[in-house]
Amino acid sequence: MVNEKIVNYKIMNMFCYQCQEAAKGLGCEVKGVCGKTPEVSALQDLLVYQVKGLSHFTTALRLVEIENEAANTFITDSLFMTITNANFDHERFVTRIREGFKLRTELKAVLAENKIELKHSDLTTWTALTAAEMEQKALSVGVLATGNEDVRSLRELIIYGLKGMAAYLEHAQNLGYYDNSVHAFIQKALVATTNDSLTADELTALTLETGKYGVSVMALLDKANTTTFGNPEISKVNLGVRNNPGILISGHDLKDMEELLKQTDGTGVDVYTHSEMLPANYYPAFKKYSHFVGNYGGAWWSQITDFETFNGVVLFTTNCIVPPKSTSTYSDRVYTTGSSGFPGFKHIEEGVNGQAKDFSALIAHAKQCASPIEIETGEIVGGFAHNQVLALADKVVAAVKSGAIRKFFVMAGCDGRMKGRSYYTEFAENLPKDTVILTAGCAKYRYNKLELGDIGGIPRVLDAGQCNDSYSLAVIALKLKEVFELNDINDLPIAYNIAWYEQKAVIVLLALLHLGVKNIHLGPTLPAFLSPNVANVLVNAFGIAPIGSVDEDMKLFFPEMINA
Ligand code: FSO
Ligand code: SF4
């Protein structure tokens, strides 16, 4: 039977449904709501197809214990580049795909040297030299090339989890922490998504295994961050500004943060964090710099206004980039590095021969800029990663036992532009005063500046850090389970009301499922890439549920309130 969607695909401009802002809750078909053009979307699809093909080579080589580091790096970087809002640069994708062909030739030679026969198919033999040829090729290899809706849904769920995993692995590797078993899994799973003989059950099992490796990679990144920069500590983060020119650093890469602080030290240029870089303010290794002033602005999507008033230079180390408006005046002040990119923004390349990246151009640029305009004042408190919370364990346990704390709410995840996300602000405001929010990721910007008070000195919003630090929340939950001598993590007085946006949230979700967490509420909408059948599996096996209205959800989480 001819698959209607595939026929349609040939006349559509693009199809992408990997993030929460997918058009009409179904998928972007003309242009990305994120601003991704059909051409870049095509090249991203093709790059994913290319890394699937390369993974056929690397998994074959692994059978004879050959690990190819160049391929490992290429595959993780490429997956990271295709995450929502990370890279919009058409040219970078074309160059990248050409590099992929070179790598494929090298891998072929290694296979031949080792007399390994590979069963070739289009995945391992296709070529496209020009951008136009690449875009043409992409038409037949995108998301909709998988005809069966459920198989497509599971394959994409796995691939999006792998994208998130690749991002976290890259951050750990930037700090010198490697785990080849994660590369091996990513590549094995990529190959599996090309195997038409796998059943839905087998793909479901692979989805859960993706969660298992999600836990491993988050543990690795946690180790990398805390060993290199110390354990985050409770910190007051300044929201105001000073009179010096500044650099605003965004994204998630702490290695870049460190280098920027080192290279700006003594230059008269101040450093501020934006969005997901806020938790850098909690690390001892960064707090020691007197020119590290604090955090400026809100979550990623507020950059359109925040970058205008900041006046200085902006550095993106990862997503989330919002394309500037035609009226924006800051574009020439923005730099990207690592996997991030945007046409017109300047890009800072990797350091050569193990040298640090060179930020001198953006520091010189910053010196020419005016100091930031103050948009708010005061402080916010954060730094409640696992080490700090466990140091307070006695106090926390006593508060739970005495009833001073009735329930914890894990409200980790992402923020986004959708109006419906005001739900999270209202939900936080409406929570009873004897509840505590555990958060991580940029979702916190919906409530981290509210006056929610504290319970016997324990703030009612405990921020563990970035989205990857959701791992900290799992460590805290597992510790509480041990202290309260429970057999099941779900018997703890912890409820999960998680907001998602892009693919790092997918790996965090799969990791939580792997840890046995049930009844997660996921919003503001369920992923477009979940087919009804796959959504049912998640609902039946794990109790995943969409959010309702704040009132409905309060009654759901506090049934006792109905009869009170
Ligand atoms: Fe947010 Fe963007 Fe951290 Fe994401 S800034 S949305 S899930 O990149 O990774 O939480
Ligand atoms: Fe649409 Fe999200 Fe894909 Fe962008 S990443 S094209 S907003 S689904």
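The values are calculated or read from the model by the stated rules, or taken from the named source; none is laboratory data. Since this is a predicted model, take the numbers as computed values, not measurements. Here the Cβ positions follow ideal geometry from the backbone for every residue, glycine too, while neighbour counts run over all protein chains shown. We work out accessible area using only protein heavy atoms, side chains counted, and drop any ligands, DNA or RNA first. Shrake-Rupley method; radii C 1.70, N 1.55, O 1.52, S 1.80 Å.
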Revision key, fill the gap. For the stretch 513-542 the number of residues that are in a loop (DSSP other than H, G, I, E, B) and over 13 Å from Ile489 (Cβ atoms) is 8
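Go through the stretch 51-75 and give me each residue that's open to solvent by 10 Å² or more (accessible area, probe 1.4 Å) and not charged (D, E, K, R).
We begin by selecting, within the stretch 51-75, every residue open to solvent by 10 Å² or more (accessible area, probe 1.4 Å); these are 52, 56, 59-60, 62-70, 73-74.
Scanning the stretch 51-75 gives His56, Thr59, Ala60, Leu63, Val64, Ile66, Asn68, Ala70, Thr73, Phe74.
Table: residues versus (1) touching a strand residue (DSSP E or B) at 6+ places or on another chain (Cβ under 9 Å); (2) of a type in the set (Gly, Ala, Ser).
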{"position": "Lys346", "(1), (2)": "yes, no"}
{"position": "Gly354", "(1), (2)": "no, yes"}
{"position": "Ala361", "(1), (2)": "yes, yes"}
{"position": "Thr377", "(1), (2)": "yes, no"}
{"position": "Phe384", "(1), (2)": "yes, no"}
{"position": "Val396", "(1), (2)": "yes, no"}
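Of the residues that make up the stretch 409-429, is at least one closer than 24 Å to Met257 by Cβ, acidic (Asp, Glu) and not assigned by TED's automatic domain parsing to the domain that holds Val506?
Step one: of the stretch 409-429, the residues closer than 24 Å to Met257 by Cβ are 412-416.
When the remaining residues are screened for being acidic (Asp, Glu), the result is 415.
So of that shortlist, the ones also not assigned by TED's automatic domain parsing to the domain that holds Val506 come out as none.
No, the stretch 409-429 has no match at all.
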**Study point:** All positions within the stretch 210-223 that are open to solvent by less than 60 Å² (accessible area, probe 1.4 Å), under 17 Å from Tyr160 (Cα atoms) and touching a residue at least 60 places away in the same chain (Cβ under 8 Å)
**Key:** Thr210, Gly211, Gly214, Val215, Val217, Met218
Check your understanding: On the given criteria, is Leu208 closer than 22 Å to Pro372 by Cβ and either among the small types (Gly, Ala, Ser) or not in a strand (DSSP E or B) (or both)?
Key -> no
Practice item. Quick one: Ser55 ticks every box in (1) more than 9 Å from ligand 2 (Cβ to nearest atom); (2) touching a residue at least 60 places away in the same chain (Cβ under 8 Å); (3) under 20 Å from the mean Cα position of the chain (by Cα) except a single one, so which number is it? Key: (3)
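Hey, among Ile83, Ile66, which residue is at pLDDT 95 or above and under 18 Å from the mean Cα position of the chain (by Cα)?
Working: Ile66 fails: under 18 Å from the mean Cα position of the chain (by Cα).
Every option except Ile83 fails the conditions.
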**Study point:** Residues of the stretch 338-358 classified as part of a loop (DSSP other than H, G, I, E, B) and closer than 18 Å to Leu254 by Cα, total
**Key:** 10
Practice item. With the condition kept exactly as written, say whether any residue in the stretch 95-106 is in a loop (DSSP other than H, G, I, E, B) and within 15 Å of Lys52 (Cα to Cα). Key: no
Review point. Considering Asn281, Asn231, which residue is away from ligand 1 (no atom under 16 Å from the Cβ) and open to solvent by 10 Å² or more (accessible area, probe 1.4 Å)?
Key: Asn231
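From the set of residues in the stretch 543-564 that are among the aliphatic types (A, V, I, L, M) and assigned to a loop (DSSP other than H, G, I, E, B), which is least open to solvent (accessible area, probe 1.4 Å)? Even if it seems obvious, please write down each step before you answer.
Step one: of the stretch 543-564, the residues among the aliphatic types (A, V, I, L, M) are 544-545, 547, 550, 554, 556, 561-562, 564.
From what is left, the residues that are assigned to a loop (DSSP other than H, G, I, E, B) are 544, 547, 564.
Details: Ile544: 11, Ile547: 34, Ala564: 112 Å².
Across the stretch 543-564, the extreme among qualifying residues is Ile544.
Being buried (at least 17 other Cβ atoms within 10 Å of the Cβ) and in contact with a strand residue (DSSP E or B) (Cβ under 9 Å, 6 or more places away or on another chain) is the requirement here; does Arg92 meet it? Walk me through how you get there before you give the answer.
Values: buried (at least 17 other Cβ atoms within 10 Å of the Cβ): yes; in contact with a strand residue (DSSP E or B) (Cβ under 9 Å, 6 or more places away or on another chain): yes.
The answer is yes for Arg92.
Is the stretch 462-480 home to any residue that is among the aliphatic types (A, V, I, L, M), touching a Gly at 6+ places or on another chain (Cβ under 9 Å), away from ligand 1 (no atom under 13 Å from the Cβ) and in contact (Cβ under 8 Å) with a residue 60 or more places away in the chain? Steps first, answer last, please.
Here is the first cut: in the stretch 462-480, the ones among the aliphatic types (A, V, I, L, M) are 462, 464, 473-478, 480.
Now restrict to residues that are touching a Gly at 6+ places or on another chain (Cβ under 9 Å): 462, 464.
This time we only want the ones that are away from ligand 1 (no atom under 13 Å from the Cβ), so: 462.
From the residues that got through so far, the ones that are in contact (Cβ under 8 Å) with a residue 60 or more places away in the chain too are 462.
Checked against the condition, which is being among the aliphatic types (A, V, I, L, M), touching a Gly at 6+ places or on another chain (Cβ under 9 Å), away from ligand 1 (no atom under 13 Å from the Cβ) and in contact (Cβ under 8 Å) with a residue 60 or more places away in the chain, the stretch 462-480 yields at least one hit.
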**Study point:** Hits in the stretch 149-207 (condition: more than 17 Å from the chain's Cα centre (by Cα), open to solvent by less than 20 Å² (accessible area, probe 1.4 Å) and hydroxyl-bearing (Ser, Thr, Tyr))
**Key:** Ser153, Thr193, Thr207
Exercise for review: Please enumerate the residues belonging to the stretch 510-541 that are of a type in the set (A, V, I, L, M, F, W, C), open to solvent by 30 Å² or more (accessible area, probe 1.4 Å) and farther than 18 Å from Leu162 by Cα.
Suggested key: Leu526, Val537, Val539, Ala541
Practice item. Find all pairs meeting these conditions: Cβ atoms under 8 angstrom apart; at least six residues apart or on different chains; first residue within the stretch 12-24 and open to solvent by 30 Å² or more (accessible area, probe 1.4 Å); second residue among the basic types (Lys, Arg). Key: Asn13/Lys31
Point to revise | Residue list for the stretch 23-52, filter: polar (S, T, N, Q) and within 12 Å of ligand 2 (Cβ to nearest atom) | key: Thr37, Ser41, Gln44
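So, of the residues in the stretch 307-321 that are surrounded by fewer than 24 Cβ atoms within 10 Å (Cβ to Cβ) and in contact (Cβ under 8 Å) with a residue 40 or more places away in the chain, which turns out to be farthest from ligand 1 (Cβ to nearest atom)?
First, the residues of the stretch 307-321 that are surrounded by fewer than 24 Cβ atoms within 10 Å (Cβ to Cβ): 308-309, 311.
The next check asks that each one be in contact (Cβ under 8 Å) with a residue 40 or more places away in the chain; those that pass are 309, 311.
On the way: Thr309: 19, Asn311: 22 Å.
Filtering the stretch 307-321 for residues that are surrounded by fewer than 24 Cβ atoms within 10 Å (Cβ to Cβ) and in contact (Cβ under 8 Å) with a residue 40 or more places away in the chain, the one farthest from ligand 1 (Cβ to nearest atom) comes out as Asn311.
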Exercise for review: Only residues that are in contact (Cβ under 8 Å) with a residue 60 or more places away in the chain and part of a helix (DSSP H, G or I): list them for the stretch 226-255, please.
Suggested key: Thr226, Leu254, Lys255
Review point. Hey, Trp301 hits all of (1) away from ligand 2 (no atom under 16 Å from the Cβ); (2) open to solvent by 10 Å² or more (accessible area, probe 1.4 Å) but one; which does it fall short on?
Key: (1)
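Among the residues that make up the stretch 85-99, is at least one of them hydrophobic (A, V, I, L, M, F, W, C), out of contact with any His (no Cβ under 8 Å at 6 or more places or on another chain), in contact (Cβ under 8 Å) with a residue 24 or more places away in the chain and over 30 Å from Asn225 (Cα atoms)?
Filtering the stretch 85-99 for residues hydrophobic (A, V, I, L, M, F, W, C) gives 86, 88, 93-94, 97.
Going one step further and asking which of them are out of contact with any His (no Cβ under 8 Å at 6 or more places or on another chain), we end up with 86, 88, 93-94, 97.
Retained after the next criterion (residues that are in contact (Cβ under 8 Å) with a residue 24 or more places away in the chain): 86, 88, 93-94, 97.
Imposing the further condition that a residue be over 30 Å from Asn225 (Cα atoms) reduces the set to 94, 97.
Within the stretch 85-99, one or more residues are hydrophobic (A, V, I, L, M, F, W, C), out of contact with any His (no Cβ under 8 Å at 6 or more places or on another chain), in contact (Cβ under 8 Å) with a residue 24 or more places away in the chain and over 30 Å from Asn225 (Cα atoms).
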